[in-house]
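Everything on this sheet refers to the single structure shown next.
The values are calculated or read from the model by the stated rules, or taken from the named source; none is laboratory data. Source: prediction; values computed, not measured. Cβ sites come from the backbone with ideal geometry, for glycine too, and all protein chains shown count toward neighbours. These accessible areas exclude ligands, DNA and RNA; they are computed on the full protein's heavy atoms, side chains included. Shrake-Rupley method; radii C 1.70, N 1.55, O 1.52, S 1.80 Å.
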Amino acid sequence: MNSKIRDVFTLQELKVLFPEDERELIYIWKHLKWATCFFTLATTGIRTGEARALNWSDVLWQGGLIIDKAAKNDGTIGATKTEKTRVVLLPAKTIEMLTRWRNKSPFDQAEELIFFGADRNKVVSQPYLSMFFRPCLERAG
């Protein structure tokens, strides 16, 4: 097994990273799409490849996410690491964030990517997400 030591954010750190005030949130994350993406990652524990492959049809608005695919390093979408479908619970606040993003997203059809890359048909790359995250942490202080 390939285990890594991982640290988690405290509740206070999450409040700083994801403030209630939308102007502050956008200052930190630069766009509601990215705030929603990282909030979804932080509150569900899904892998980044799984988040990058999410379609709007994967959201169970009553409180869950269907995880049945993942974005690969080459930009394709395939099976998850475990190759099994699972449902991950969505906290109410995460549903609120996803709803806000869907209401503002130019692409909100069922089979369209939630967190798209250069265009709506391309997944965002893992290196981009990794590179994007550090400046957000710095802006949050």
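Test W61 against the stated conditions and say whether it is surrounded by fewer than 17 Cβ atoms within 10 Å (Cβ to Cβ), among the aromatic types (F, W, Y), in contact (Cβ under 8 Å) with a residue 12 or more places away in the chain and closer than 24 Å to K15 by Cα.
Answer is yes for this residue.
Whether any residue in the stretch 116-130 is within 18 Å of L60 (Cβ to Cβ), within 16 Å of the chain's Cα centre (by Cα) and of a type in the set (A, V, I, L, M, F, W, C) is what I want to check.
No, the stretch 116-130 contains no residue that is within 18 Å of L60 (Cβ to Cβ), within 16 Å of the chain's Cα centre (by Cα) and of a type in the set (A, V, I, L, M, F, W, C).
If I filter the stretch 119-141 down to residues being open to solvent by 70 Å² or more (accessible area, probe 1.4 Å) and basic (K, R), which single residue comes out as modelled with the lowest pLDDT?
R120
Determine whether the stretch 37-53 contains at least one residue that is open to solvent by 20 Å² or more (accessible area, probe 1.4 Å), in contact with a Pro (Cβ under 9 Å, 6 or more places away or on another chain), in contact (Cβ under 8 Å) with a residue 40 or more places away in the chain and more than 18 Å from S125 (Cα to Cα).
Within the stretch 37-53 (the criterion being open to solvent by 20 Å² or more (accessible area, probe 1.4 Å), in contact with a Pro (Cβ under 9 Å, 6 or more places away or on another chain), in contact (Cβ under 8 Å) with a residue 40 or more places away in the chain and more than 18 Å from S125 (Cα to Cα)), the answer is yes, since at least one residue qualifies.
So, in the stretch 89-118, of the ones that are closer than 19 Å to G78 by Cα and in a loop (DSSP other than H, G, I, E, B), which residue ends up most open to solvent (accessible area, probe 1.4 Å)?
E111
Does the stretch 73-88 hold any residues that are among the charged types (D, E, K, R) and either more than 20 Å from T43 (Cβ to Cβ) or surrounded by 13 or more Cβ atoms within 10 Å (Cβ to Cβ) (or both), and which are they?
Within the stretch 73-88, D74, E83, K84, R86 qualify.
Filter the stretch 18-47 down to residues that are assigned to a loop (DSSP other than H, G, I, E, B) and not small (G, A, S) and give me whichever is farthest from I67 (Cα to Cα).
Ranking the qualifying residues of the stretch 18-47, first place goes to D21.
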